Amino acid sequence: GVIVHKRRYIVRIRCVLADAPARSYLKGCKGHNAYHGCEKCTVKGTYLNGCVRYPTQSSNLRSDNSFRSYEHPYHHNYPSPLTNLKLGLVSQFPLDYLHLVCLGTVKRLLGTWTSGRLVNRLGRRQIAEISSKLLQFVPFFPTEFSRKPRSLAELSYWKGTEFRSFLLYTGPLALKNVLSKKHYEHFLQI
């Protein structure tokens, strides 16, 4: 524990919240884009279309014990300075929402709709209508939000917080009556 003003306080760490680069640094393991980079399972990635992808979802799961005993040496870069703590280096390091959902799923979905394969791409009028609706929200956006909505033409410059705002706040309004009912309901389930 910790002693403050002659009083002892017990300290327990429930989990470590960090983004992907910080987690790999703290744990001394490969980054999220490495061949052996998955933090939760032992899948080996394959290089496809310019990045490493993990093609299967049926790999063995990592455990705190297997991580500490270096059962999968290709996953480790160096011994973690946290190894000596009673801390689950797999179970107490949750994956972060910003990178998985906002910069993962939402970014990919919007990229597919705006510049993906022709069968999945929205028409120019639909993209223009969504962009127009997003820009109409700007005057009504609270100052507590760090970034105001931008057009889909600027999608390559969007930050994670913009994808989050789109998913949670502006997207459901901007996409309503623009997407087909099936695609709109799919977006709402993310």
| query | Mind checking which residues of the range 171-182 are touching a helix residue (DSSP H, G or I) at 6+ places or on another chain (Cβ under 8 Å), open to solvent by 90 Å² or more (accessible area, probe 1.4 Å) and in a helix (DSSP H, G or I)? | reply | L173
| task | Kindly provide the set of residues from the range 53-77 that are assigned to a strand (DSSP E or B) and modelled with pLDDT of 90 or more, ordered by number. | result | L61, H76
| message | Return the residues of the range 149-165 that are surrounded by fewer than 17 Cβ atoms within 10 Å (Cβ to Cβ) and within 18 Å of L175 (Cα to Cα); say none if nothing qualifies. | response | S151, A153, E154
| said: If I ask for residues that are modelled with pLDDT of 95 or more, among the hydrophobic types (A, V, I, L, M, F, W, C) and outside any helix (DSSP H, G or I), which ones from the range 123-170 would you list? | reply: F137, W158
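This table checks each residue for (1) more than 30 Å from Q126 (Cα to Cα); (2) touching a helix residue (DSSP H, G or I) at 6+ places or on another chain (Cβ under 9 Å); (3) not in a loop (DSSP other than H, G, I, E, B).
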residue: P79; (1), (2), (3): yes, no, no
residue: L82; (1), (2), (3): yes, yes, no
residue: K86; (1), (2), (3): yes, no, no
residue: V90; (1), (2), (3): yes, yes, no
residue: H99; (1), (2), (3): no, yes, yes
residue: C102; (1), (2), (3): no, yes, yes
residue: T105; (1), (2), (3): no, yes, yes
residue: L110; (1), (2), (3): no, yes, yes
residue: W113; (1), (2), (3): no, yes, yes
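The values are calculated or read from the model by the stated rules, or taken from the named source; none is laboratory data. The model shown is predicted, which means the values in this text are computed figures rather than measured ones. Cβ sites come from the backbone with ideal geometry, for glycine too, and all protein chains shown count toward neighbours. Keep in mind that these areas ignore ligands, DNA and RNA; they rest on the heavy atoms of the full protein, side chains included. Shrake-Rupley method; radii C 1.70, N 1.55, O 1.52, S 1.80 Å.
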